[in-house]
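The values are calculated or read from the model by the stated rules, or taken from the named source; none is laboratory data. Bear in mind that the values here come from a model prediction, so they are computed numbers and not experimental data. For neighbour counting, all protein chains shown are included, and Cβ atoms are generated from backbone atoms with ideal geometry for every residue, glycine included.
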Amino acid sequence: MENKKVVIGVSGGIAVYKALDVISTLRKNNVEVKVIMTESATEFVSPLTFQSLSQNLVAVDMFAEPKAFEIQHISLAQWSDLMIIVPATANIIGKVANGIADDMLSTTIMASTAPVLFVPAMNTHMYENKIVQDNIKKLQDYGYEFIEPAEGRLACGDIGKGKLPDTALISEIILSKLYPIKDMVGQNVLVTAGPTVSPIDPVRFISNNSSGKMGYAIAEEARDRGANVVLISGPTSLKPPVGVEVISVKTNGEMYNEVLSRYDSQDIVIKAAAVADYKVEEYSTRKIKKSSSDLQLKFVRDNDILKTLGDKKQHQILVGFAAESNDIIENAIGKIERKNLDYIVANDITAKDTGFESNYNKVIIIDKTGKQISLDKMSKRKVAKNLFDEIKRR
């Protein structure tokens, strides 16, 4: 995120202190931040605190002695790639919606040609007030964007909608908007991730060690590059990515149905899920009781989702994954041919520091012509970036 610039506007609400966490996350991602505070906001947190975290002077007073020969609200508006108001009170929302510019924050918002994102936080009755809702709708019609507040117990003791959303979510949205590569705007991308399970009885199943991290990283990369992303995920402990349509499934059959129902409208399909190849021939509707004899289960082949997609492929770019323990290249190339793939991403599942459950991967991207790109150990997000870079070069 080098050379990206954000102006954070802080208006006067109890959630002011949470904006500090957003600034901290942005700075850790090398985003330059400048802060504008309303007079009311300074009653909750000192400007010095924001100055220390942002490593820039904080603007509060429109008529303060300027630090440089410039009109400050204009220069800030022109400087930023994105402006975010966090927390956004009913007051600042109402001002901007009705064209009132009477302090440093409201004048800078009015002067900004960069995208402006409001993050409301206020009492639930205030947020639900028709006047506030009309002002929000008015600003949305003008092209301003909003992150909806969360529900829960508010500082005043009321319970309802009005809490500032989780700061990690706010930061994720900001970083996504600032992502420097936007070469997939308007494209439809479907990604599968995680394991599937094959039930044996109401309490038992077989599965595998897939964490879903690779598929989720691919979905996030596609989202940040501007694509419309559907993520079909087996059971994982991962937080659903913001701005991605996430569909949760458990079994091979459920994933098969969800993928096939959306396949025709997709431009790129990436099957990163570790799908169960077999299922028990006879599922027991009752828990299988322990006995003195051994338990024998018979397994039969389940759906080959990737081959079905290859057989039905028309305009789609189809990418598969090959998690192999031996003969990695040979097995991966054979999979490309059998399943009519455009690319396959092959990795060695016996490696201890990459692959399943790790945040890192070491892979070989192979296309249908046999071209190979070897990627040394890197984060799964970087693997995703390299994969889309290669797809876009095609």
When you go through Val280, Val259, Val300 one by one, which is the residue that is under 19 Å from Val189 (Cβ atoms) and not polar (S, T, N, Q)?
-> Val259
Matching residues, region 16-41, being part of a helix (DSSP H, G or I), farther than 22 Å from Lys163 by Cβ and either in contact with a strand residue (DSSP E or B) (Cβ under 9 Å, 6 or more places away or on another chain) or not assigned by TED's automatic domain parsing to the domain that holds Ala77 (or both) | Arg27
Per-region count, region 297-328, residues surrounded by fewer than 17 Cβ atoms within 10 Å (Cβ to Cβ) and modelled with pLDDT of 90 or more = 13
Pick out the one residue from Asn347, Asn331, Asn340 that is at positive phi and surrounded by 15 or more Cβ atoms within 10 Å (Cβ to Cβ).
-> Asn340
Hey, can you tell me all the residues within region 18-38 that are surrounded by fewer than 18 Cβ atoms within 10 Å (Cβ to Cβ), touching a helix residue (DSSP H, G or I) at 6+ places or on another chain (Cβ under 9 Å) and not polar (S, T, N, Q)?
-> Asp21, Arg27
Output for region 290-334, where each listed residue is in contact (Cβ under 8 Å) with a residue 24 or more places away in the chain, under 19 Å from Lys371 (Cα atoms) and either among the charged types (D, E, K, R) or touching a His at 6+ places or on another chain (Cβ under 8 Å) (or both) | Glu324
Residue in region 78-91 that is among the small types (Gly, Ala, Ser), at pLDDT below 95 and within 26 Å of the chain's Cα centre (by Cα) present | yes
Can you confirm whether region 170-184 contains a residue that is of a type in the set (A, V, I, L, M, F, W, C) and closer than 30 Å to Asp348 by Cα?
-> yes
Qualifying positions in region 116-153 - of a type in the set (Ser, Thr, Tyr) and over 24 Å from Lys177 (Cβ atoms) | Thr124
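I need the strands (runs of 3 or more DSSP E) fully contained in region 83-176, keeping only those with at least 3 residues that are aliphatic (A, V, I, L, M).
Because the criterion is at least 3 residues that are aliphatic (A, V, I, L, M), the strands (runs of 3 or more DSSP E) in region 83-176 that meet it are 116-120.
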